[in-house]
Amino acid sequence: MEKLTFYALSAPEKLDRIGAYLSERLSRDVSRHRYGYVCIAMEALDQLLMACHCQSINLFVESFLKMVAKLLESEKPNLQILGTNSFVKFANIEEDTPSYHRSYDFFVSRFSEMCHSSYEDMEIRTKIRMAGIKGLQGVVRKTVNDELQANIWDPQHMDKIVPSLLYNLQQVEETESRSPSPLQNTEKEKEIPAELAERCLRELLGRAAYGNIKNAIKPVLMHLDNHSLWEPKVFAIRCFKIIMYSIQPQHSHLVIQQLLSHLDANSKSAATVRAGIVEVLSEAAVIAATGSVGPTVLEVFNTLLRQLRLSIDYELTGSYDSAVNIGTKIIKEHEERMFQEAVIKTIGSFASTLPAYQRSEVMLFIMGKVPLPSMHHPMEHGKAGESRNRLIQIMLLKSLLQVSLGFQCSNMLTALPSSFLDPLLSPTLMEDAELRLFVLEILVSLIDRHDSRHKFSSISTVPDIAVLKLKVDKCSRQDTLFMKKHSQQLYRHIYLSCNDPCNVQTHYEALYALLVMISIELANEEVVVDLIRLVLAVQDLALSNDDNLPAYNRCALHALCAAYLNLISQLTTVPAFCQHIHEVIEMRQKDGSYLLPEDIFVEKPRWSKSADHIETELLFLQSKVSEVLGGSGYNSDRLSTPYVPQLTDEDRLSKRKSIGETMSLQVEVESRNSPEKEEKAPAEEITFETLKKAIVDSVAVEEQERERRRQVVEKFQKAPFEEIAAHCGARASLLQSKLNQIFELTIRPPPSPSGTITAAYGQSQNHSIPVYEMKFPDLCVY
């Protein structure tokens, strides 16, 4: 061997002849089953290949690869393994000169086949599979960096390589299920094909450039589809974890896009399959972090929301396609619900990777999809339409809640514009108890910037709020502007939410949390005053009981007021205010514990049915509160004015009969804005007759206006063309005559030839002279 090597190095031009001779001998020995000589010839080829690096090695390589192919074609496992080992050695050699005509198609096919070996003997089967994986690794190493070699990223190659690796990766679960002894496991640790397949897959993906990611990921998706591996989803998640950690970070969004496209392609698959894809998306988004969404932020959320809407349709109609009757596919409602929850969780995963400004865009985008009477997505009518609307509203609000979790923004005005808050606080979303709760939770989540929500998960009268360790920052200018613009809208929403007979404990907890969050995060002196007025108005609401609230709800409102005033009194640190609140709470503990949260907001609430007659000492008095706070510099005039919710145009359109409709007739005049502070005009006395007259008059005016519009529309729809033309012509001629009069007045020349007239007061006034009548000096005329 030494002499042969020396000869080959001395005369490189003879190398191809040597290779051809060895190749011929090896072929003959294989066909005659003289395997000892086969091993000798292969060893000789290997050593010559390792030793010689001259430019004429290409022809020798051709003979070498021909012999490796001959061994791989053999049915003997030992020869296959021998051929693979030789190929791996060759793959690790860096060639000086590229080969333009060399093809690796056979090797890719053969090594992929070996990866799927089903040889009877378990040990030999493992060796063949290991050899196949090593061979594929060798092909990848040999070709991936050389652009002049065969393109290994072509779909024809990737469709063989990737599934072969995944097939072996899949076998690890079977190996683990046998659970061999620890000693045996350590001895054979290096012989597990799954580990080698994972290493090879990581290496392959790590080398993938931007344009090759799609070709590498597509076979993975096809393999998971063909082998129904989305349903247990454990293996699918494992695969994509390997992919996300192996590829270059800047390519992460391409994998996400591939998954989203695959989800769209499988939109009529079983709910469990779609849920599996969505779970994988969620995991991939967390790994990719900021790179997961890529340049098309809203497209990601649009796809997920579209899938959510489709799932709701499937759940309601009971079929994937209304046009085609598919008898074999039975849609299970609980599976669709499971898929919907998975989509909502994934929306949250994606949103958590976004910066605040993009997150607010996404929230606005989702809000725009919620079906509301005044929005772009109109509500459907009929019984089926109503249930579909409600389901869509619930799912989208759940998604919105997921996006809002952990949202932190210094400028609330830009993060929560009117185009977002107006539909969120619309009366349509207040009619349903479940929707109302979601809206309250979303508001709490958006306002809570210091993660304080968990501290107020239950309502109680805390004797000392220092134990809560609250972080209260000074209200910034942006927060002040936000509250000036939206405070009345928020207060009104809270007030009307309190006045709903369908409320349960969770609603009151959310209302309490919202009040507290506004107090901690967005409150200045003016906001504190308004919040106290609002809570006292809620107490009056429970006392007057104009809307016939059940006894539990009225006691719950009293308890809510007690808990909030206890907290705000300690936040304002006004001793007299704290004392009044504590005195009332102590009196309630003695004589009216059913008005405190400790008795109401428990598993078995205790309330009194005699909530109509509550003693004055058990109530928080507006006069007393305005007196004690006025002494500490708060606006006592504003405090003594009862809170009245503002009425919006949408309320008149909505079905909800709010208490605001009757109360809004009283115009609230703020004393600080009034120039005459001392002389207040007496308030107009409001009786039943005046209320009735006001309502009847407004209805009559609206009816007249509606009738006039209907007549105009009907005229233009049904009248003959000549009549409409004559009508428009008459109006046009009238307009023309008016215009002519105006032109005559403006263009008419002045009566005085001098160009000036003397006014009644003796002043000289200039009138404009037409240009053609002006006299110019000769020098000025060109």
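Taking the conditions exactly as written (under 30 Å from Leu316 (Cα atoms) and crowded, with 20+ Cβ neighbours inside 10 Å), does Ala265 satisfy them or not? For Ala265, the condition - under 30 Å from Leu316 (Cα atoms) and crowded, with 20+ Cβ neighbours inside 10 Å - is not met.
Restricted to helices (runs of 4 or more DSSP H) entirely inside the stretch 602-688, those with at least 1 residues that are over 28 Å from Asp591 (Cα atoms) and either of a type in the set (S, T, N, Q) or modelled with pLDDT under 70 (or both) are 636-640, 649-653, 660-663.
Just one residue in the set Arg606, Arg554 is surrounded by fewer than 17 Cβ atoms within 10 Å (Cβ to Cβ) and touching a residue at least 12 places away in the same chain (Cβ under 8 Å); that residue is Arg606. Just one of the listed residues (Tyr552, Tyr564) is assigned to a helix (DSSP H, G or I) and within 15 Å of Tyr512 (Cα to Cα), namely Tyr564.
All of (1) touching a Pro at 6+ places or on another chain (Cβ under 9 Å); (2) in a helix (DSSP H, G or I); (3) open to solvent by 10 Å² or more (accessible area, probe 1.4 Å) hold for Tyr508 with one exception: (3). Scanning the stretch 528-549 for residues that are open to solvent by 10 Å² or more (accessible area, probe 1.4 Å), assigned to a helix (DSSP H, G or I) and without any contact (Cβ under 8 Å) to a residue 60 or more places away in the chain yields one hit, Ser544. Regarding Thr573, is this residue surrounded by fewer than 21 Cβ atoms within 10 Å (Cβ to Cβ), within 22 Å of Gly630 (Cα to Cα) and more than 35 Å from the chain's Cα centre (by Cα)? So Thr573 fits the description; yes.
When we screen Lys142, Lys127 for residues that are modelled with pLDDT of 90 or more and in a helix (DSSP H, G or I), the only hit is Lys127. Among residues of the stretch 299-312 being of a type in the set (A, V, I, L, M) and under 19 Å from Gln393 (Cα atoms), the one that is surrounded by the fewest Cβ atoms within 10 Å (Cβ to Cβ) is Leu310.
Which of the residues belonging to the stretch 457-503 are in a loop (DSSP other than H, G, I, E, B) and farther than 29 Å from Glu431 by Cα? Thr461, Val462, Pro463, Asp464, Lys469, Leu470, Lys471, Val472, Asp473, Lys474, Cys475, Ser476 - these are the residues of the stretch 457-503 that are in a loop (DSSP other than H, G, I, E, B) and farther than 29 Å from Glu431 by Cα.
The values are calculated or read from the model by the stated rules, or taken from the named source; none is laboratory data. Predicted, not measured: the structure shown is a model, and the values here were computed from it. Virtual Cβ from ideal backbone geometry, glycine too; neighbours counted across all protein chains shown. Side chains are part of the model used for accessible areas, which takes the heavy atoms of the whole protein and leaves out ligands, DNA and RNA. Shrake-Rupley method; radii C 1.70, N 1.55, O 1.52, S 1.80 Å.
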